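This report refers to the structure that appears directly beneath it.
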Amino acid sequence: MAQVVWKDIVWTGDDRERGIKELLTILKGYGPMEVLRFEKPGQYKGKLSLWLDEKGVKHITLFHLEVIGAKRRGIGRQALKHLQRIFGGDVYVQDPGEATSPDEMAGGIHVRQPNQESAMFWIKMFTENLIQSVEGDLMNLDENSSSQEIDTLQRRFSTTSKDSAQPSSLKTSSR
């Protein structure tokens, strides 16, 4: 299994049959579309696809991103910024739904189908202007979203996450 350290991240091919030269070619955006696994030791790991369109623009679809290690606060944010800086181009996040076609979005980081557990993270990333859109059954955020809509979503998901973190209690009635 070939591994290469590039831009402070350990990269491997998903099919594990790639050589170092092939991995570097893919990472620099000159190869065909490939699925790669990556890990920044002690911080995060994940899986993404990388491809170059007919206009020469790089597209990255992030399938999985997991923060690892004891210190977690801000690592997901750093990971997204780092990946976008490395590759430039468009970054699409598949969380866990299907990726939107590249023609439907222009530039930046776009999230499709966030789940209940990650919703608050994506809302925060949107309010910090790190991502440009969030689309799915739970919410739709883009440049036309009002601050009132965002506030409502923040209250809804902060309440939901607190409720799921609280142990349930049973009340008994005495007769």
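The values are calculated or read from the model by the stated rules, or taken from the named source; none is laboratory data. All figures in this text were calculated on a predicted structure; none of them were measured in a lab. For neighbour counting, all protein chains shown are included, and Cβ atoms are generated from backbone atoms with ideal geometry for every residue, glycine included.
Observations on the structure shown:
- Residue selected from the range 27-41 under the condition touching a Gly at 6+ places or on another chain (Cβ under 9 Å) and either under 20 Å from HIS59 (Cα atoms) or among the charged types (D, E, K, R) (or both), by the criterion modelled with the lowest pLDDT: GLY29
- Listed conditions (1) modelled with pLDDT under 80; (2) farther than 21 Å from ILE109 by Cβ; (3) aliphatic (A, V, I, L, M) are all met by LEU24, apart from (1).
- For ARG18, the conditions (1) closer than 24 Å to ARG77 by Cβ; (2) part of a loop (DSSP other than H, G, I, E, B) all hold with the exception of (1).
- Test result for GLY13, over 20 Å from the mean Cα position of the chain (by Cα), at pLDDT below 90 and not aromatic (Phe, Trp, Tyr): no
- Positions within the range 120-159 being in a helix (DSSP H, G or I) and either touching a His at 6+ places or on another chain (Cβ under 7 Å) or closer than 20 Å to THR61 by Cβ (or both), in sequence order: PHE121, TRP122, MET125, PHE126
- If the condition is being of a type in the set (A, V, I, L, M) and surrounded by fewer than 17 Cβ atoms within 10 Å (Cβ to Cβ), then the range 53-66 contributes only VAL57.
- Count - residues of the range 130-156 that are modelled with pLDDT under 90 and among the hydrophobic types (A, V, I, L, M, F, W, C): 2
- LEU83 vs. criteria of a type outside the set (S, T, N, Q), buried (at least 19 other Cβ atoms within 10 Å of the Cβ), at pLDDT 80 or above and not in a strand (DSSP E or B): yes
- Options GLY42, GLY29: the member that is surrounded by 16 or more Cβ atoms within 10 Å (Cβ to Cβ) and not in a strand (DSSP E or B): GLY29
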